[in-house]
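Let me begin by presenting the structure, written as structure tokens, before commenting on it.
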Amino acid sequence: MPPHPAPTGQDRLVRSLWEAVSHANVRAVPTGFRRLSVPVPTGWSPSVLTWDRPKRYHAPMGGQNSAAQTRRAGGRILSGTKAEVLDQLARAGFRVPPTTFFTASRWRLEPALVASEIAETLPGSGLLAVRSSCRREDREESSMAGAFTSRLSVPRPPDPEFPRAVAEVLRSYGSGLSDDDQILVQPMVERVRMSGVVMTRDLDDGSPYYVVEYDDESGRTDSVTGGTGTISKTVHVFRQFRNTDFDSPRLLQVVRTARQLEGFLGSNRLDIEFCVDADDDVHVLQARPIGGSSRWSLDLDEEIVDKVSFVEEALEEWDRPPRGIWGSRTILGVMPDWNPAEIVGIHPRPLATSLYRDLVTRRTWSLARESMGYRALPPVELMLLLAGRPFVDVRASFNSFLPEGVGPGAGTALVEGWLDRLAKHPELHDKVEFEVAQTVADPLFEKTYAERTPRLLSDADFREWSGALRALTVRALDPGPQGSLARALSASASLEERQRQRGTALLDRPGELLNQAEELLEECRSLGTLPFAVAARHAFIAESFLRAALAEEALSATDLEDFRAGIRTISVEFSEAVDAVRAGTLAPRDFLSRFGHLRPGTYDILSPRYADHPDSILSGAPPSRTLGRRSAFQADLSRFDALLRDRLPGGPDARSVLDHAARAIAGREWAKFVFTRNLSDALECISRWGERRGLGREELSWLSLDDILGARVAPPLCAPREWLGPALERGRRTAEVGRGLKLGYLIRSPRDVYVMPRHRCAPNFVTRERLRARVVHIDGRDFSIDGLEGAVACVRNADPGFDWLFSRGIGGLVTQFGGTNSHMAIRCAEYGIPAAIGCGEQIFESIRRSPACDLDAGGKRIVPLEAP
């Protein structure tokens, strides 16, 4: 390749080794080697290559003073304008569109001659790109990206549009325009199949990843850089990738081009604009230093390199099935099943993660399903942690969706078939209960099986599985007092009665704070999260039947909207209570007695309770928007009855199914509301224990529950801060490395640690309403935000502590995480508010950063806007 000097003599062997290692293509490492030093080929940056494990060679990531290192390496990019750099790259052999450029002073003195030269110089007859090449842009200290205008698809001279385009670009330079500022002109690249930007380090923290943001749908070259409204795709590529880590040869070619540019320009902090044509040739449109990279601290580089190897080893270990779990491999995800991304977040602190594990994902989740007739599992963990980031073990989840009575042959085939479907359709990672696994014998059961996984099972195995699942479903729909839903709601009622009798007395015994915290959590497990988990599974069963009724036209979309709007959940009670306080008919202390324990981050000790900020929750007049519309549900159920008789003979009728759905949906929200009081009080006990020992909430958040409760049985023989200091620092350091370690939302194999697409999520739209309104971002810890009435509230992950939003008259809701059956989806359906739940990172960020959006729930689309 032209970017590097051709090897000669003995240098050829050394250069070949360098090329192989720097491109991470080495497959085998001689036994016993720990460190390999090689002489540096002419024209390459000085460095040393190291090998730590049999997995990969690790080339260096670059030091802290990139500017100095780049200069020492002859960093060509540190001098020259955009046009001059592109000219150098073209001369070096990179594929750059034919380029010509001229100064502002020359254009001012002889525009006709310049235009004539351009017409003669640039080959072809197609349209041109007239681009900025100001001497103030593309500097290492500041790129000024987007500060100046570029015009695309401009007709060639002598068309009068060409001088107008030049004038527009020059005007964008503003008062700082100088005579030697330039204009860059190139032919437009034709038949564009992909375009975008490569950052050779992560822009936020400088971590060692190529970040490729691209568009492969619009055919434009500026859809990513120009903010045209296209929602681009993003892939993180660890710098020590192998070619075999890529599924896309086109993406591999883009990243290899970026690596070649690094070698030629002597810098690994590049911002590269590119496009790929129909022949899969990569065209370089711009290469410049990443502006503002001097703020990065690259101390984490070596640690991240080391941790990636440990992550790969952990994934290989977890792939081996535990005893009693079926399936030869697993997939990890942040949103399947008990979706930790929605509940505790992508980067939770250790106390929140350990509480969630203790109350839900260690054992409670599987025991709840077992009590309903699903398969009894060994004590397997549902949530696994990679550098502090929570992931669901999808194989364990899928095992828990099998009914009791299914043998290992059918069970293994089903689990592996569902895993294969999720691996092929990663965009379904937040919809596994409805779009991947079959967890209930709803009226579409056989049709869905035939469409998704035909011939997966033998006829005998299918009869075994379908019979067991039908029996489970009929039992689940039992409305009697011995039904699993009735028993779960009875347990929640028992817990609520205990809470009422206890009041706030627990917090008044300072000498027993940790004992009280443990008592609250134990009670929460048995009478709180366990019955809640049962009610939540019932809500999924109910939703499956409602979807089937809609798909088979047994109920209309309007029927279902009216049905859901008529379900009275705890959220309606909350909104009515807020309005009553504002109207003066309910005392604030009575409101706080009922709702004061709620906090936006249910498991987060840093998240304030409503009781801590009552004025922010209760102040203001009732919103002008009427919440909680109550449409009478009067649908004709004859078609639904006929569907059930045909598909589920011997099962319930339509009215029983709808009654079950209403009880399950409302019961799940109420059960969650009840158990969160115990959890919230336990967090307050821990906080007060910490205060008495000089530990604030911030410090406590970095400790695990075991770190804290261990003081009960093994009291420290030194000051608590000294005793807990190492654990606290370990929690902080793990989080720091975890943020630098880029992991996708779905990990299908160890390859996904090296090439990580941000899988697009299909938003779950609620209601059929449409709203064009301003966007207000909610960070979860500030109740005093103004301007919410009529606005679209943008919340990353929303749990019951965000019910206060509905008392502010929001017009719509957008969340990054969450599913169609999440509590926020239920609330928005109940209030008739349009919502896009679980949009995923890319769509969410595009909306959050926009002044306004068009939220068309009926049309199933959401678009960022510049103004309402």
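Tell me which of these Ala413 doesn't satisfy, since it passes every other one: (1) of a type outside the set (Lys, Arg); (2) modelled with pLDDT of 95 or more; (3) part of a loop (DSSP other than H, G, I, E, B).
Ala413 satisfies every listed condition except (3).
Looking at region 801-843 only, could you name the residues that are closer than 14 Å to Val572 by Cβ and of a type in the set (D, E, K, R)?
Of everything in region 801-843, those that are closer than 14 Å to Val572 by Cβ and of a type in the set (D, E, K, R) turn out to be Asp803, Arg827, Glu830.
How many residues are surrounded by 20 or more Cβ atoms within 10 Å (Cβ to Cβ), among the small types (Gly, Ala, Ser) and modelled with pLDDT of 90 or more when one looks only at region 138-191?
1
With the requirement that a residue be more than 21 Å from Val436 (Cβ to Cβ) and free of Cβ contacts under 8 Å to residues at least 12 places away in the same chain, what does region 544-567 give you?
Thr558
Could you run through region 207-265 and say how many residues are farther than 21 Å from Arg849 by Cα, among the hydroxyl-bearing types (Ser, Thr, Tyr) and either at pLDDT below 80 or touching a Gly at 6+ places or on another chain (Cβ under 6 Å) (or both)?
Here the count works out to 3.
Considering only residues that are touching a residue at least 40 places away in the same chain (Cβ under 8 Å), small (Gly, Ala, Ser) and open to solvent by 30 Å² or more (accessible area, probe 1.4 Å), which ones fall in region 78-104?
Gly93, the sole residue that qualifies.
Suppose we keep only residues that are surrounded by fewer than 18 Cβ atoms within 10 Å (Cβ to Cβ) and under 26 Å from Thr676 (Cα atoms) within region 615-624. Which one would you say is modelled with the lowest pLDDT?
Within region 615-624, the match that is modelled with the lowest pLDDT is Ser619.
Restricting attention to region 518-530, which residues are open to solvent by 10 Å² or more (accessible area, probe 1.4 Å) and under 20 Å from Met372 (Cα atoms)?
Of everything in region 518-530, those that are open to solvent by 10 Å² or more (accessible area, probe 1.4 Å) and under 20 Å from Met372 (Cα atoms) turn out to be Arg525, Ser526, Leu527, Leu530.
Condition first: of a type in the set (Lys, Arg) and either farther than 26 Å from His597 by Cα or surrounded by 21 or more Cβ atoms within 10 Å (Cβ to Cβ) (or both). Now tell me which residues in region 698-730 satisfy that.
Arg721, Arg730
Examine region 372-383 for a residue that is part of a helix (DSSP H, G or I) and either touching a residue at least 24 places away in the same chain (Cβ under 8 Å) or open to solvent by 10 Å² or more (accessible area, probe 1.4 Å) (or both), and state whether such a residue exists.
yes
Picking from Arg547, Arg589, Arg609, Arg564, which residue would you name as being closer than 22 Å to Cys828 by Cβ, modelled with pLDDT of 90 or more and open to solvent by 10 Å² or more (accessible area, probe 1.4 Å)?
Step by step, each of Arg547, Arg589, Arg609, Arg564 is checked, and only Arg547 is closer than 22 Å to Cys828 by Cβ, modelled with pLDDT of 90 or more and open to solvent by 10 Å² or more (accessible area, probe 1.4 Å).
Could you check how many residues of region 319-349 are surrounded by fewer than 21 Cβ atoms within 10 Å (Cβ to Cβ) and in a helix (DSSP H, G or I)?
Residues that pass the stated criteria total 1.
Could you list all residues from region 814-868 that are hydrophobic (A, V, I, L, M, F, W, C), touching a Phe, Trp or Tyr at 6+ places or on another chain (Cβ under 9 Å) and not in a helix (DSSP H, G or I)?
Selection gives Val814, Phe817, Ile833, Ala835, Ala836, Ile837, Cys839, Leu855, Ala857, Ile862.
Please enumerate the residues belonging to region 109-137 that are free of Cβ contacts under 8 Å to residues at least 40 places away in the same chain and either open to solvent by 10 Å² or more (accessible area, probe 1.4 Å) or in a strand (DSSP E or B) (or both).
Those that are free of Cβ contacts under 8 Å to residues at least 40 places away in the same chain and either open to solvent by 10 Å² or more (accessible area, probe 1.4 Å) or in a strand (DSSP E or B) (or both): Leu109, Glu110, Ala112, Leu113, Glu117, Ala119, Glu120, Thr121, Ser125.
If I go through region 229-272 residue by residue, how many of them are assigned to a strand (DSSP E or B) and either among the β-branched types (Val, Ile, Thr) or open to solvent by less than 30 Å² (accessible area, probe 1.4 Å) (or both)?
Total meeting the criteria: 8.
Given the conditions (1) open to solvent by less than 40 Å² (accessible area, probe 1.4 Å); (2) in contact (Cβ under 8 Å) with a residue 60 or more places away in the chain; (3) not in a helix (DSSP H, G or I), and given that Leu695 satisfies all but one, which numbered condition is not satisfied?
(2)
The values are calculated or read from the model by the stated rules, or taken from the named source; none is laboratory data. None of these values were measured; they are calculated from a predicted model. Glycine also receives a Cβ, built like all others from the backbone with ideal geometry; neighbour counts cover every protein chain displayed. The accessibility values were calculated without ligands, DNA or RNA, using every heavy atom of the protein model including side chains. Shrake-Rupley method; radii C 1.70, N 1.55, O 1.52, S 1.80 Å.
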